[in-house]
């Protein structure tokens with residue numbers, strides 16, 4: 001009798017504990033259902049729309065996000081560099097390559113919650129496409145790091161994990177058909193502060 | 001020996017049952033999260049301000065942002081509305097480099113969006129209304145609604161968000177004024 005009760009409790013504990021924990025975990029990880037990966041960049045074109053999958057819907061409700069609409073823009077998030085290592089705030093990176101068609105785009109360095117990195121200076125850890133220097137072939141090279149660098153410089157500060165958020169505004173790639181042949185810039189690690 | 005095997009089998013049964021249960025709980029919890037969340041955009045906004053009140057979403061206006069905003073190079077403002085009380089009109093004066101607008105339903109799903117290229121002369125003047133209200137308005141379009149963008153939304157409660165691009169520091173006061181002077185009003189008809 002006691003054994004039966006114990007087994008029943010065990011089943012219930014696994015069901016409720018496991019079920020709850022797995023939902024919590026699935027909502028916590030950045031990656032997920034409905035993601036589109038281009039190089040190191042990940043986008044969720046369906047997030048925040050009624051057509052989104054249940055995981056995206058739950059994430060929207062839990063984090064209170066108001067996702068960009070199709071006519072507004074599309075955000076990509078990168079958490080790794082081209083070598084597959086996690087992005088670190090104490091390291092410097094080079095973001096180089098061509099960008100897809102858009103009226104303009106913005107790039108910022110973000111912390112775990114995807115808020116902009118605090119630099120402690122008037123200069124934001126953010127850049128936008130109107131203020132950039134371009135190469136002759138219209139490609140862009142952006143240096144990311146704590147120390148000032150010539151050309152395009154994205155200031156970061158602190159230590160720990162970092163994400164890059166690249167958002168294209170008023171862009172044809174936000175319609176899903178455009179996403180197949182989009183190429184995004186590469187993120188190359190240039191070095192780290194010891 | 002036999003006794004131990006039987007116990008093990010029952011233990012295995014219990015674990016298996018637990019795992020199947022975990023799957024069911026997973027699905028149920030996942031589908032219930034949007035229903036019961038008190039941290040969704042609507043709930044956060046309703047704690048900050050009333051219906052038909054524009055409420056800045058960026059940290060610039062002082063205090064922590066109500067809804068986790070967006071791009072650091074953007075300012076945003078939002079108002080909640082209820083179409084059961086009537087159609088709602090959103091206006092913002094002035095010219096800024098880029099603005100875009102989204103209409104969200106009660107659950108924070110984006111149901112309609114457009115940007116300044118859609119609007120006549122780049123002026124933000126929009127009316128959100130239900131299909132039934134649209135039929136009424138079509139019969140006799142008031143003079144001052146001629147240039148407005150009509151957004152037909154099959155919802156009652158919703159959120160309207162205006163986002164505006166701040167290319168550099170010199171644009172901050174202009175974009176701030178654009179958003180602060182925006183209005184979100186119940187439109188009589």
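Readers should treat all values here as calculations from the given coordinates under stated rules, not as data from a laboratory. Quick caveat, the model's predicted, so the values are computed rather than measured. Cβ placement follows ideal geometry from the backbone for every residue including glycine, while neighbour counts extend to all protein chains displayed.
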Please give, to one decimal in nm, the separation of the simple spin-label points placed at residue B:27 and residue B:136, each 7 Å out from Cα toward the Cβ. 4.3
With everything on Cα atoms, drop me the angle between helix A:2-28 and the longest principal axis of chain A, reported from 0 to 90° to the nearest 10. 10
Over chain A, what is the percentage of antiparallel beta bridges among all DSSP beta bridges, to the nearest 5? 90
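Got the relative contact order for chain B handy, in percent, Cα pairs under 8 Å and 6 or more residues apart? Numbers along the way, then the final one.
On the way: 304 pairs, mean separation 50.8, N = 189.
It rounds to 27 percent for chain B.
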Would you calculate a helix-derived [θ] at 222 nm for chain A, using -39,500 (n - 2.57) for each DSSP H run of n ≥ 4 and dividing by the full residue count, to the nearest 500? -6500 deg cm²/dmol
Nearest 10, in degrees from 0 to 90: the angle of helix B:2-36 to the longest Cα principal axis of chain B is 10
Using r as the Cβ-Cβ distance of residue A:6 and residue A:113, and R0 as 41 Å, what FRET efficiency do you calculate, to the nearest 0.05? 0.45
Would you calculate the separation in nanometres between label points at residue B:84 and residue B:16, each defined as 7 Å from the Cα along the Cα-to-beta-carbon direction? 5.0
At 7 Å along the Cα-to-beta-carbon direction for both residue B:143 and residue A:13, put a label point, then send me their distance in nm to one decimal. 7.7
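State whether the stretch B:41-186 is rounded, prolate or oblate according to the following rule on the C-alpha gyration tensor (a ≥ b ≥ c being the square roots of its eigenvalues): a/c under 1.5 gives rounded; otherwise a/b larger than b/c gives prolate, and the remaining case gives oblate. Mind dumping the intermediate values first?
Details: a/c = 2.14, a/b = 1.33, b/c = 1.60.
Taking the square roots of the gyration eigenvalues as a ≥ b ≥ c, the stretch B:41-186 is oblate.
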How high is the relative contact order of the stretch A:23-105, in percent, counting Cα pairs under 8 Å that sit 6 or more residues apart? 24
Please report, in cubic angstrom per residue, the volume enclosed by the convex hull of the alpha-carbon atoms of the protein assembly as shown. 201
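Restricting everything to alpha-carbon atoms, can you work out Rg to Rh for chain A with a Kirkwood hydrodynamic radius? Before the final figure, lay out the partial values.
On the way: Rg = 20.3 Å, Rh = 18.6 Å.
Taking Rg over the Kirkwood Rh, I get 1.09.
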Candidates B:171, B:42, B:99: whichever shows maximal mean-square fluctuation once chain B is modelled as a Gaussian network with Cα springs under 10 Å: B:171
Assuming R0 = 35 Å, can you tell me the calculated FRET efficiency for the pair residue B:35 and residue B:117, based on Cβ-Cβ distance, to the nearest 0.05? 0.45
What relative contact order, as a whole-number percentage, does chain A give when Cα pairs under 8 Å and 6 or more residues apart are counted? 27
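What is the average number of partner chain Cβ atoms found within 10 Å of a Cβ in A:47-58?
Values: counts 2, 8, 4, 5, 1, 2, 1, 5, 2, 1, 7, 7.
Mean partner shielding for this stretch: 4.
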Work out the mean other chain Cβ neighbour count within 10 Å for the residues of B:37-49 and drop it here as an integer. 3
Which whole-angstrom value gives the distance between the alpha carbon centres of the stretch A:123-166 and the stretch B:97-140? 35
So what is the calculated 222 nm ellipticity per residue for chain B, using -39500 (n - 2.57) for each DSSP H run with n of 4 or more, over all residues, to the nearest 500 deg cm²/dmol? -10500 deg cm²/dmol
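For peptide B:84-95, compute the average count of partner chain beta-carbon atoms within 10 Å of each residue's beta-carbon. Please report the intermediate quantities before stating the final value.
Numbers: counts 0, 0, 0, 0, 0, 0, 0, 0, 0, 0, 0, 0.
Other-chain Cβ atoms within 10 Å of each residue's Cβ, averaged: 0.
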Under a 10 Å cutoff between Cα atoms, tell me which one of B:123, B:172, B:139 has the largest fluctuation in the Gaussian network model of chain B. B:139
Using a 7 Å offset from Cα along Cα-Cβ at residue B:185, what residues in the stretch B:145-171 end up with backbone N under 17 Å from the label point? B:145-149
Longest principal axis of chain A (C-alpha) makes with the long axis of helix A:54-63 (C-alpha) an angle, in degrees to the nearest 10, of 70
